[in-house]
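Colleague: Supplied in C-alpha cells, the structure appears directly below.
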Amino acid sequence: MKALTGNRLTDGEVVFWKAGAWVERFAEAELFDDAQKAEAAEASAKSQQTVVVDPYLVDLIESDGLWAPLSYRERLRALGPTNHPHHGKQAEGGAAIEALRHASGAARSSGRVKLIKR
Amino acid sequence: MYQYDTLDKEFLADRAAEFREQVGRRLAGEITEDQFKPIRLMNGLYLQLHAYMLRIAIPYGSLNPTQMRALAAIGRKYDKGYGHFTTRTNLQFHWIKLADTPAILDELAAVDMHAIQTSGNCIRNTTADPYAGATAEEIDDPRVWSEAIRQWSSLHPEFSFLPRKFKIAITAAAKDRTAAKVHDIGLMLRRGRDGTMGFEVIVGGGLGRTPYVGPTIKEFLPVNRLFSYLEAILRVYNRHGRRDNKFKARIKILVAALGAEEFARQVEEEWAKIGSEGDLPDTEIARIRGAFAPVHFDTLVNRSEIFEAAKAADPQFARFARNNLREHKRAGYTIVVISLKAIGETPGDATSEQMEVVADLAERYGQNDIRVTHEQNLVLPHVKLDDTPAVYAALKAAGLATPNVNLISDIIACPGLDYCALANARAIPIAQDIARTFADEDRAELVGELKIKISGCINACGHHHVGHIGILGVDKKGEEFYQLTLGGSGAEDAAVGSMLGPALPAGRVADAVDTLVDVYLRERQEGERFLDTFRRTGVAPFKEAVYADAD
C-alpha cells in the first residue's frame, strides 16, 4: 500500500494526495493498493507545479488495522517534531494521530526492518 | 558595532524587493521549482520536513538589541514564537511560509540584517571569538578582521560559485572558542617577535563525512597581507577543487590530496601573482576598526561587594557565577554567558520573549552588545560585576539562568530528523535525555568540563567529531541508532574523536554517557578533564564499561 505526499508550495505544509487534490491529514490521504494507479497519481501530482513541491510515493504498513507510513521519517512528517508535541499536525491530537504514534512500535516489531536495507 | 551605510541599506532593500518579485513569479507558475530553488537558497530559504526554514546571517555572531528584538518579532509574527541559534552562529526559523518570506526580508533589512550567503557554495558567515573586545586573552579585536572579511566576501563575484561551501573562523586568543582548526580556513592572530601582528593560517580542516584537523600552511602572515593571501587560497581552491563530486568538493579534500606543503606552494605562487594590490588599504581597516571603538568602561575596582554579597546569600547565584561568568579585561566587569541549554529544552532554541529579555539586559546592563556562540549559547560581553545579581534575576525569571556552561548538559545538537530534510536520526531528544540524566547540578559540576556534540547525520552540523563525547545519528535498517566517538576537541587542542564501538539504540545513549562518566570519575587524576583522562587511558576502559553493560 502507498500514499502520495509532498510539501505545499506556499507554506511548505506536508500534504497528502486525495483524488487530485491535497489534504493536510494523513488520515484523509488516498491509499493506493495498485502500483499503476499510484504512479499515475504521482505523474499527475508532478504537473501541479504551483501547488506542491517534489511529490513522491511513500510505502505504508498496516498497524492494528490502520495504515501508517513505513519509514520513521514519513511518520514524523505526518505528525510533527517530537521536541514540540504541540507543533505540527500532531497538535490536534485524536485517534488518527495516536494511531500514527502507535505505529512506530508496531512497525519495529513487524518485518519493516527487513524492507529497508541500510 | 559596525553600522551599515546608505549604500548597504539600499542594497538590502533592493535585494528584498527582488526576492518579492521572484516569489511572485514562482507562485504564478512563471518559473519552475528547479529554477526557483537556487534563488531561494541564495536568500537562505530551505524547504525542510514540515515547512520552509529561513536561515538568517548573524555576522561573526554579533547582534545589537534592536536586531535581537526584530528577530523576536519575526519569530512571533511569522513562526511559532521561537528561533534556533546554530553552530554557525546564525539563527534559523523552522516554520516559515514562502509567501511571508519577502515581508520577513523587509523586516530584517530594516535592522541591517539579511539571509544572504547562509546557503550555497559561497563564503559563509565567519565565526569569531564570542568574547571579542572583552577578554584579556586577545591580542586584537577579531571582529575588525571578521567585518573586513564579511565586506570582502559578500557577493564577491569570483567566489560566489565555489566548488562547495566555505567557512572561515578567526580567533585572537590562544584559547580557541571558534573551532578554527576544523574550518576551511582558520585564522589565529599572533604577535611576532618584533611586536607586529600576523595570522597563523590553517587550511583544510573540516567535519562532515571526512573530518580533518587542518594543517597550518603559513605560520605568520602579516595582517596587512590577509586579503591577497585569502584570495590566493580561494583561487587555488576554485581552480582545483573537485566540482565533479559533491562529497569530495570541500577544500579539505584538495589539501589532503595535494598535501599541505604542495597546497601551500601553489598558494604562494598565486599570492606572488596577486601582489599587494589584493590587499585592503590600511585606511580601510582603520575605518572598520573605528566602528568597533572601545565601549565606554567605568573605572572600577576588581572586587564588587554587591557581587560578593549576592554569592554569599544565594548558592544558586554563586553556582551561576562559577559556571557562566568569564573574566573580563576590565576591572569590575565580567562576561556573562547565557546558556540556551535548559534541562529538557531544545539546545539553541530561544523564545521570542527570551530574546527580548536578552535585548533588554544588553541595553540596560550590557553596552548594547550581544554575541552568539558556536556552542549555541548567547553572551553579554560587558556587564559590571555590580549588575550581575540583577542580570541573573532577570535571566532566571525568563528560564535563561541554567548554570551549566561547558558542563555535560551544555550540549550542541543540530535540529536533526525533527526538522531537517537531510537527517537520518533525531538529535534533540538524545540531548534532552542526556541533560535530564545529569540534571543534578552538583554532579554536573563534579564532572566538570565535558563537551557533548550531537549530529543527526554525517554532515556534522552538530560538530560530533570534535565532541569530547560525540554522538552521530545513523539510520540502521530504518531505525535510529547512535554512533559514539570519544576524545574529539574543537578547541586549540583540536582532535577528531575515536569510535567507541557499535552504534547504540536511542534508548541506550544517555545510559552509555552515564557509564562513560563513571569510568572517567573512577580513572581521573588530579586536575584532569574528561578529555585529558581519555587521552591518557585511551578508549579501552570506556569501551569495556559501555559494552559490558550493554550485555
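Colleague: Please compute the Cα-Cα pair-distance distribution of the stretch B:276-321 with 5 Å bins starting at 0, giving whole percents from short to long.
Modeller: Bin by bin from 0 Å, the calculated values are 5, 15, 12, 10, 9, 9, 8, 9, 9, 7, 5, 2, 0.
Colleague: Can you tell me the equivalent ellipsoid semi-axes for the stretch B:59-175? Use √(5λ) from the Cα gyration tensor, largest first, whole Å.
Modeller: Semi-axes, largest first: 26, 19, 12 Å.
Colleague: Taking the Cα centre as origin and putting +1 on Lys and Arg beta-carbons and -1 on Asp and Glu beta-carbons, what dipole magnitude results for the stretch B:134-291, to the nearest 20 debye?
Modeller: That gives a dipole near 840 debye.
Colleague: Relative contact order for chain B: what percent, with Cα pairs under 8 Å and sequence separation of 6 or more?
Modeller: 13 percent
Colleague: About its Cα centre, how strong a charge dipole does the stretch B:305-397 have in debye, to the nearest 20, once Lys and Arg get +1 and Asp and Glu get -1 at the Cβ?
Modeller: Computed charge dipole of the stretch B:305-397: roughly 360 debye.
Colleague: Jot down the per residue volume, in cubic angstrom and as a whole number, of the convex hull over the alpha-carbon atoms of the stretch B:270-347.
Modeller: 192 Å³
Colleague: Let me know the Rg and Dmax you get for the stretch B:112-191 when you use only its Cα atoms, in Å.
Modeller: When restricted to the Cα atoms of the stretch B:112-191, Rg and Dmax are 13.0, 39 Å.
Colleague: Also: What does the convex hull of the alpha-carbon atoms of chain B project to on average, in nm²?
Modeller: Averaged projected hull area, Cα only: 25.7 nm².
Colleague: I would also like to ask the following. Give, as ranges by residue number, the residues of the stretch B:24-49 whose backbone N falls under 15 Å from the point 7 Å along Cα→Cβ of A:T50.
Modeller: Within reach of a label on A:T50, which here means backbone N under 15 Å from a point 7 Å along Cα→Cβ, the stretch B:24-49 contributes B:24-33.
Colleague: Let a ≥ b ≥ c be the square roots of the eigenvalues of the Cα gyration tensor of the stretch B:15-60; is it rounded (a/c under 1.5), or, if not, prolate (a/b larger than b/c) or oblate?
Modeller: oblate
Colleague: Along the charge dipole of the stretch B:412-549, which of B:T437, B:L521, B:A423 sits closest to the positive end, that is, farthest toward it, with unit charges on the beta carbon of Lys, Arg, Asp and Glu (+1, +1, -1, -1)?
Modeller: The one lying farthest along the dipole's positive direction is B:A423.
Colleague: I'm checking a number: the convex hull volume of the Cα atoms of chain A, normalised per residue, in Å³. What is it?
Modeller: 113 Å³
Colleague: The protein assembly as shown: percent of C-alpha pairs farther apart than 52 Å?
Modeller: The share of Cα pairs beyond 52 Å in the protein assembly as shown comes to 9 percent.
Colleague: State the percent of C-alpha pairs, over all pairs in the stretch B:253-409, separated by a distance greater than 29 angstrom.
Modeller: For the stretch B:253-409, the fraction of Cα-Cα distances above 29 Å is 39 percent.
Colleague: If one computes the Cα centroid of the stretch B:13-78 and of the stretch B:103-164, what distance in Å separates the two points?
Modeller: 17 Å
Colleague: Still on this structure, please answer the following. Distances longer than 17 Å among the Cα atoms of the stretch B:305-397: what percent of all pairs is that?
Modeller: 47 percent
Colleague: Could you check the spin-label model distance between A:A43 and B:L258? Points 7 Å from the Cα along Cα→Cβ, value in nm.
Modeller: If labels sit at A:A43 and B:L258, their model points lie 5.0 nm apart.
Colleague: Looking at the stretch B:60-105, I'd like the Rg to Rh ratio, where Rg is from alpha-carbon atoms and Rh is Kirkwood's inverse mean 1/r.
Modeller: In the stretch B:60-105, Rg relative to Rh is 0.96.
Colleague: Would you compute the Debye intensity of the stretch B:412-549 from its alpha-carbon atoms alone, equal scatterers and no solvent, and pass along log10 I(q)/I(0) at q = 0.21 Å⁻¹ to two decimals?
Modeller: Values, matching the q order: -1.31.
Colleague: Calculate one ³J(HN,Hα) per residue across the stretch B:18-29 by plugging θ = phi - 60° into the Karplus curve 6.51 cos²θ - 1.76 cosθ + 1.60, and present them in order as whole Hz with x for glycine and proline.
Modeller: Residue by residue, the stretch B:18-29 yields 4, 5, 4, 5, 5, 5, x, 5, 5, 5, 7, x Hz.
Colleague: Testing the spin-label approximation: label points 7 Å from Cα along Cα→Cβ at B:Q316 and B:A331. State their distance in nm.
Modeller: A separation of 3.4 nm, rounded to one decimal place.
Colleague: What cysteines in chain B have no other cysteine with a beta carbon less than 4.7 Å from their beta carbon?
Modeller: B:C122, B:C420, B:C457
Colleague: Another question about this same structure. Tell me what chain A gives for mean residue ellipticity at 222 nm when only DSSP H runs of n ≥ 4 count, each as -39,500 (n - 2.57), the sum divided by the residue total, rounded to 500 deg cm²/dmol.
Modeller: Helices in chain A give a 222 nm mean residue ellipticity of -9500 deg cm²/dmol.
Colleague: Follow-up question, since we're still on this one. If you rank B:I170, B:I411, B:I285, B:I56 by fewest surrounding Cβ atoms within 10 Å, what's the result?
Modeller: In increasing order of surrounding Cβ atoms, one gets B:I285, B:I56, B:I170, B:I411.
Colleague: Looking only at the stretch B:201-229, which residues have a backbone nitrogen under 20 Å from a spot 7 Å from the Cα of B:A272 in the C-beta direction?
Modeller: Those under the cut-off are B:217-222, B:225-229.
Colleague: In deg cm²/dmol and to the nearest 500, what is the mean residue ellipticity at 222 nm of chain B if only DSSP H runs of at least 4 residues count, each as -39500 (n - 2.57), divided by the residue total?
Modeller: Helix contribution divided over all residues of chain B: -12000 deg cm²/dmol.
Colleague: Which one of B:G290, B:I274, B:M53 is farthest out on the positive end of the charge dipole of chain B, using unit charges on Cβ (Lys, Arg +1; Asp, Glu -1) and the Cα centre as origin?
Modeller: With unit charges placed on the Cβ atoms, the residue in question is B:I274.
Colleague: A further question follows. Need one number: nm distance between label points at B:A28 and A:E62, each 7 Å from Cα along Cα→Cβ, rounded to one decimal.
Modeller: For B:A28 paired with A:E62, the spin-label model returns 5.1 nm.
Colleague: Please name which of A:F32, A:T50, A:L60 has its Cα lying farthest along the dipole of the stretch A:1-92 towards the positive end, using unit charges on Cβ (Lys, Arg +1; Asp, Glu -1) and the Cα centre as origin.
Modeller: A:T50
Colleague: At 1.306 mPa s and 10 °C, plugging the Kirkwood radius over alpha-carbon pairs of the stretch B:1-136 into Stokes-Einstein gives what diffusion coefficient in µm²/s?
Modeller: 103 µm²/s
Colleague: Under unit Cβ charges (Lys, Arg +1; Asp, Glu -1), what dipole magnitude, rounded to 20 debye, does the stretch B:6-109 have relative to its Cα centre?
Modeller: I would put it at about 400 debye.
Colleague: Calculate one ³J(HN,Hα) per residue across the stretch B:126-133 by plugging θ = phi - 60° into the Karplus curve 6.51 cos²θ - 1.76 cosθ + 1.60, and present them in order as whole Hz with x for glycine and proline.
Modeller: Taking θ as phi minus 60°, the curve returns 7, 8, 10, 4, x, 9, 3, x Hz for the stretch B:126-133.
Colleague: Step by step: find N for the stretch B:134-291, compute 2.2 N^0.38 Å, then divide the Cα radius of gyration by it. What's the final number?
Modeller: My calculation over the Cα atoms of the stretch B:134-291 gives 1.00.
Colleague: Where q = 0.14, 0.27 Å⁻¹, what log10 of I(q)/I(0) comes from the Debye formula for the stretch B:391-443, counting one point per Cα?
Modeller: Debye curve over Cα of the stretch B:391-443, log10 I(q)/I(0) at q = 0.14, 0.27 Å⁻¹: -0.48, -1.00.
Colleague: Can you tell me the mean projection area, over all orientations, of the convex hull of the stretch B:167-255's alpha carbons? Units nm², please.
Modeller: 5.7 nm²
We did not get these values from a lab; they are worked out from the coordinates using the rules stated. Predicted model only: the values in this text are computed from it and were never measured. Virtual Cβ from ideal backbone geometry, glycine too; neighbours counted across all protein chains shown.
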